[in-house]
Amino acid sequence: MAHTSLSATSSSARVKRRRPFPWHIAVFLAPAVLIYTVVMIYPILSSLWLSLNNQSGGRAAFVGLANYQKLLGSELYAQPLWNALRNNVVFFLIHMLVQNPVGLLLAVLLSFRLRGSAVYRTLLFTPTVLSVVIIGFAWKLILNPVWGVQRALLTPLGLEHLDQPWLGLPNTALPTLSLISVWQNIGIPMLLFLAALVRIPDELYEAARLDGAGGWTIFRRIQLPLILPTVGIVSVLTFVGNFNAFDLIYSTQGALAGPNFASDILGTLFYRTFFGYQLQSGDPYMGAAVAGVMLAVILAGLLVYLVAWQRRMTEVQL
Amino acid sequence: MTSAGVPLLNRPSRVLGHLVLIFYSLLATLPTLLIIVNSFKDRLTIFSHPFALPNGGTFTLDGYRTLASSANFPLFFLNSLLVTLGSLFLILLVSSMAAFALSEYRFRLNTLLGLYLSVGIMVPIRLGTVGILNLMVGLHLVNTLWALILVYTAQGIPLAVFVLTSFMRGVPRDLKEAARIDGASEYRIYGLTLPLIRPALGAVTAISMIPIWNDLWFPLILAPGESTKTIVLGASAFLGQFVNDYNAVLAALTLAIVPVVVLYIIFSRQLVSGITGGALK
C-alpha cells in the first residue's frame with residue numbers, strides 16, 4: 001500500500017496550496033458514473049419501486065408489498081414461483097457438485113505442467129466462448145432422437161438403454177440442461193482455480209517432492225488449503241450466474257421452459273411474467289416483483305458468503 | 001515456465017493425467033466439430049453417418065445457400081459487430097478515465113465512488129430490465145443499437161474500473177510527476193498512462209467482449225426488430241423457424257460459431273491473463 005501514502009502526501013501538499021475546484025477529477029469520473037448510474041443503478045431501483053406499485057385506473061399507484069403477497073400467496077403466481085425457485089436450486093447444486101469439482105480436477109492436472117498443457121487449456125475453454133444459443137441448439141440436435149448421434153455413440157458401448165429423449169422427459173430435462181450448462185461454463189472455474197494454483201510458490205512443491213509426496217498428497221496438503229479463497233469466489237460467481245440464468249433454457253426449451261415447466265427457473269419465469277406468453281398477458285409490475293425476489297435471493301447468497309465464508313477464511317488463515 | 005523439466009508426477013500418474021485431459025478435450029470440442037463437419041454434408045449422410053467427414057459424393061453447400069437466400073445474416077453480423085465494438089470502445093474510454101481519477105487523486109468521495117462502482121460486479125444488470133425498458137422507451141432508443149451499446153457499457157464499467165484501477169496504481173509515479181513538472185495537463189498525463197497499461201486494456205477487452213457478443217436477453221427485449229437483430233438473436237429466430245431443415249440449421253450454427261472461435265484464438269492470451277489476473281503468461 002506504499003502508493004496510498006505517497007498519494008496522501010502529494011495531495012495534502014496540493015490542498016495546502018488551495019487549488020481551485022479539481023474540475024479534471026469530475027471530468028474523468030463523470031462519464032462512467034453517469035452511464036452506470038442512469039443505465040444500471042437507476043433502472044434497478046426504479047424496477048424495485050415499480051414492484052411496489054400496480055395499475056389502478058390506468059395509472060400506477062403505490063400498493064406496498066401487495067405484489068409480493070400476490071407472488072407468494074396466490075395460486076396463479078406462487079406455484080410457478082416455488083417451482084422455479086426449486087428448479088433453480090437444483091440447477092445451482094448440479095453446478096456446485098459437478099462443474100466446480102471437475103473444473104478443479106482439470107485445473108490441478110494442468111497445474112502439474114504436463115506436456116501440451118497450453119493446448120489442453122485452449123481446447124477446454126472453447127465451449128465457454130460460444131453463445132449459449134448455439135450451445136443450446138447444438139446439444140438439442142445431438143440429444144435429438146431423430147438425428148441419432150447418441151444412438152451411434154451408445155450402441156457400440158452396449159448402453160442402448162441410455163438412448164432417451166433426455167430434454168423431453170420431465171424428470172431428466174432439468175438435470176440434462178444443468179449438465180449442458182456445466183459443460184459450457186466449466187472453463188471459468190478451471191481458469192480461476194488454475195490461476196490460484198500457479199501462484200503457489202515452487203519451493204512448496206520441491207519440499208513436498210523431497211519428502212516423497214505423490215500427486216494426491218500434494219493436492220490435499222498444499223494445493224487445496226492454499227486455494228480455499230478461490231473456492232469461495234468461484235462458489236459466489238456460480239451462485240450469482242445460476243440464479244440469473246436464462247439464455248440456455250430459453251433457447252432449448254422456449255419461454256415455457258418445458259416439458260410442463262420442468263426446467264423453469266427464475267430467469268424464464270421473470271421473462272414470462274414480464275412479457276406474457278400464450279395464456280397470460282405480460283405484467284410489468286409483477287415482472288418487477290419477480291426481479292425483486294431474484295435480487296433478494298442473490299443478495300442473500302452474497303451475504304452468506306461475506307459472513308460465513310469470509311469468517312471461516314480468516315479462521316483458516318489463523 | 002519450466003514445463004517439461006520439472007515433472008511433479010511419476011510416470012503412471014502423468015499418463016493418467018493425459019488420459020483425463022484428452023478425454024475432456026474431446027468432450028469439450030466434439031459437439032462443436034460435429035456441427036461444423038455435418039453442415040457440409042448432404043441430408044442423407046448427416047443422418048446415416050453423423051461422424052463421417054464429407055467426401056466428394058456427400059459434400060454440399062445447400063445449407064449455406066438456404067441461409068443466403070432467406071436470412072439477413074450479413075446485417076445481423078454487422079449489428080453484432082457495431083454493438084460489440086461500440087460498447088468495448090465506450091467501456092475502455094470511460095472506465096480508464098474513471099480508473100485514472102480513482103487511482104491518481106485523493107478526494108473526499110474516492111473510496112465511496114470506488115465501492116459504488118463495484119456494486120455492479122456482483123448485482124446482475126438483468127434485474128433492472130423492467131426499468132431499463134421503461135428508460136429506453138422514454139429516450140426513444142428501443143430498437144436502436146444505441147440501447148444495446150448503453151446497456152453493455154453500463155454492464156462492463158464495474159469490472160473494467162476495478163481491473164484498470166489496480167493496474168493504474170502500478171504505473172510509476174515518477175513518470176507522471178516528471179510530466180507535471182514539464183507542464184503537462186492532467187488530461188495529457190492520462191493520455192500518457194494509457195499505453196503503459198495496454199495489457200490491462202487487452203484483458204478488459206477480452207473479458208468484456210464475449211458476454212456482449214453472446215448475449216440473447218437484451219437484444220430480445222430492447223432491439224428485436226428485423227433491422228437491429230444481433231447475430232445471436234437472428235440465429236435463434238432462424239433456428240426456431242427452420243428447425244427441420246438440418247442443412248440450414250447446421251450452416252447457421254457454424255456461421256455463428258466460427259467468428260467467436262476465431263476471435264477467441266486471437267485474444268486467448270489476453271482472455272486468460274484477464275481472468276487469471278496475469279498469473280499465467
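The values are calculated or read from the model by the stated rules, or taken from the named source; none is laboratory data. These figures come from a predicted structure and were not determined experimentally. Virtual Cβ from ideal backbone geometry, glycine too; neighbours counted across all protein chains shown. These area figures cover heavy atoms from the full protein model, side chains too; ligands, DNA and RNA do not enter into them. Shrake-Rupley method; radii C 1.70, N 1.55, O 1.52, S 1.80 Å.
Overview of results
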quantity: Answer from A:THR155, A:THR238 - the residue that is assigned to a helix (DSSP H, G or I), open to solvent by 40 Å² or more (accessible area, probe 1.4 Å) and within 13 Å of chain B (Cβ to nearest Cβ); calculated: A:THR155
quantity: Hey, A:LEU76 surrounded by fewer than 14 Cβ atoms within 10 Å (Cβ to Cβ) and within 30 Å of B:PRO31 (Cβ to Cβ) or not; calculated: no
quantity: Looking only at the range B:204-247, and only at residues there that are over 19 Å from B:SER87 (Cβ atoms) and of a type in the set (S, T, N, Q), the one that is nearest to the other protein chains (Cβ to nearest Cβ); calculated: B:SER236
quantity: Single residue of B:THR2, B:THR66, B:THR58 found to be open to solvent by less than 40 Å² (accessible area, probe 1.4 Å), modelled with pLDDT under 90 and over 14 Å from B:ALA252 (Cα atoms); calculated: B:THR58
quantity: The range A:132-149 residues that are farther than 14 Å from B:THR32 by Cα and open to solvent by less than 10 Å² (accessible area, probe 1.4 Å), paired with ones that are in a helix (DSSP H, G or I) and not hydrophobic (A, V, I, L, M, F, W, C) (beta carbon under 8 Å, 6 or more apart); calculated: A:TRP147/B:TYR246
quantity: Tally of residues being outside any helix (DSSP H, G or I) and either buried (at least 21 other Cβ atoms within 10 Å of the Cβ) or of a type in the set (Phe, Trp, Tyr) (or both) across the range A:21-59; calculated: 2
quantity: Count of the range B:39-69 residues which are assigned to a helix (DSSP H, G or I), polar (S, T, N, Q) and without any contact (Cβ under 8 Å) to a residue 12 or more places away in the chain; calculated: 2
quantity: A:ALA213 closer than 30 Å to A:SER111 by Cα, among the small types (Gly, Ala, Ser) and surrounded by fewer than 19 Cβ atoms within 10 Å (Cβ to Cβ); calculated: yes
quantity: Matching option when the condition is buried (at least 20 other Cβ atoms within 10 Å of the Cβ), of a type in the set (Lys, Arg) and either over 21 Å from the mean Cα position of the chain (by Cα) or not in a loop (DSSP other than H, G, I, E, B) (or both), among B:ARG126, B:ARG108; calculated: B:ARG126
quantity: Qualifying residue in the range A:187-200 (condition: more than 9 Å from chain B (Cβ to nearest Cβ) and open to solvent by 30 Å² or more (accessible area, probe 1.4 Å)); calculated: no
quantity: Single condition A:PHE261 does not satisfy, out of (1) more than 17 Å from the chain's Cα centre (by Cα); (2) assigned to a helix (DSSP H, G or I); (3) over 26 Å from A:ALA308 (Cβ atoms); calculated: (2)
quantity: Checking A:VAL119 against (1) over 29 Å from A:ALA255 (Cβ atoms); (2) within 29 Å of the chain's Cα centre (by Cα); (3) surrounded by 15 or more Cβ atoms within 10 Å (Cβ to Cβ), the condition it does not meet; calculated: (3)
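Yes/no matrix, rows are residues, columns are (1) touching a Leu at 6+ places or on another chain (Cβ under 8 Å); (2) hydrophobic (A, V, I, L, M, F, W, C); (3) more than 30 Å from A:SER117 (Cα to Cα):
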| position | (1), (2), (3) |
| --- | --- |
| B:VAL20 | yes, yes, no |
| B:LEU26 | no, yes, no |
| B:SER48 | no, no, yes |
| B:THR60 | no, no, yes |
| B:SER69 | no, no, yes |
